[in-house]
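Data block below; observations after.
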Ligand code: KG4
Ligand code: ZN
């Protein structure tokens, strides 16, 4: 089995993992959350500088934890698109440098391809033929996954991504950042729409979350100190999870697929996972999701996609660069 070192640095996490085939030997992450807290969002220049500081120690930590030497590696993978160009460049330059010095291939991985194939950690034999919901801080997409590199975009958001909606609403409710996990924690024990919040009426495979944050802003100013934050958090969670579940199931049935998968930071949400699973069971569909720690950005998912690509001889040339935006790969 090929030994692969994988790096993820597309936003505010510097992460490295070592895989032997699809077996994750170690997965380490250095988060910049505390660094960016004071500015209220990720500052690209600061993120890139922090990646430069973190990347060597994190790679060495990963290799040590896996008990693997540089000389044993068969390939090195790094996220090269989409994301913050300065942040991506740090991981990609590091990967290319190692590739040249060790004389092994490098593999540039599309970040969303990493999220799609993160479910391999739950089922080593997953090979596609599934409707995949990708829900993260920057993306909300329904992708028909036929096989590695064979993807069809079935639907996406018109405006905010699901994770962005969680984060913005969390901020409006005065909850700690990132809002997704804070809203989930506050909502614990409550369910349903306890305060009436809108679910956008858009196309059958489209999402829209920008109206939700306006409604939450109005709710917060109307209720003032009377606002029950726990009930409001449950209502927000319901307004985001409900359309994600309904439309993913409908898309799978419409495309005659018998498997639903989910990836991206929002797929760590327990309400989303349990409702998707329940609806899949009700419709006789298989449901696959990654372990919670592989839902938010990490390098193991990049390694899983890279391991598949490497096994099919799909490696990158040194001229392959980073990109801020990019469609799913072939
Ligand atoms: O995939 P990810 O780590 O980064 C991007 O590629 O964007 O996703 C981050 C997003 C954030 O918006 C975060 O609030 C959300 O995932 N998230 C959650 C949960 N954990 C992370 N949203 C809802 N519930 C969670 N438990
Ligand atoms: Zn992500």
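The values are calculated or read from the model by the stated rules, or taken from the named source; none is laboratory data. Here the structure is a predicted model, which means the values were calculated and not measured. No Cβ is skipped: glycine too gets one built from the backbone with ideal geometry, and neighbour counts run over all protein chains shown.
Here are some notes:
- Inside segment 12-29, residues that are part of a strand (DSSP E or B) and either over 15 Å from residue 87 (Cβ atoms) or more than 14 Å from ligand 1 (Cβ to nearest atom) (or both) make up a count of 11.
- Close pairs from segment 155-171: first free of Cβ contacts under 8 Å to residues at least 24 places away in the same chain, partner in a strand (DSSP E or B) and surrounded by 22 or more Cβ atoms within 10 Å (Cβ to Cβ), Cβ under 8 Å, at least 6 apart: none
- Hey, residue 284 outside any helix (DSSP H, G or I) and within 13 Å of residue 75 (Cα to Cα) or not: no
- Summed over segment 248-295, residues that are farther than 20 Å from residue 144 by Cβ and within 16 Å of ligand 2 (Cβ to nearest atom) total 8.
- Selected residue (only one of 300, 324, 290 is within 16 Å of ligand 1 (Cβ to nearest atom), touching a residue at least 40 places away in the same chain (Cβ under 8 Å) and within 22 Å of residue 104 (Cβ to Cβ)): 300
- Test: residue in segment 143-153 that is in contact (Cβ under 8 Å) with a residue 60 or more places away in the chain and closer than 22 Å to residue 1 by Cα: yes
- The strands (runs of 3 or more DSSP E) found entirely in segment 118-227 that carry 3 or more residues being within 15 Å of ligand 1 (Cβ to nearest atom), surrounded by 19 or more Cβ atoms within 10 Å (Cβ to Cβ) and on the phi < 0 side of the Ramachandran plot are 130-135, 140-147.
For (1) more than 23 Å from residue 264 (Cα to Cα); (2) assigned to a helix (DSSP H, G or I); (3) within 16 Å of the chain's Cα centre (by Cα), each residue gets a yes or a no:
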site	(1), (2), (3)
4	no, no, no
10	no, no, yes
46	yes, yes, no
83	no, no, yes
94	yes, yes, no
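- For residue 60, the conditions (1) more than 16 Å from residue 299 (Cα to Cα); (2) without any contact (Cβ under 8 Å) to a residue 24 or more places away in the chain are fulfilled apart from (1).
- Looking only at residues of segment 248-267 that are part of a helix (DSSP H, G or I) and crowded, with 23+ Cβ neighbours inside 10 Å, we find that the one that is nearest to ligand 1 (Cβ to nearest atom) is 265.
- Being crowded, with 23+ Cβ neighbours inside 10 Å and either closer than 17 Å to residue 107 by Cβ or away from ligand 2 (no atom under 16 Å from the Cβ) (or both) is a description that does not apply to residue 23.
- Only one entry of 33, 29 meets the criterion of being closer than 21 Å to residue 177 by Cα and at pLDDT below 95, and that entry is 33.
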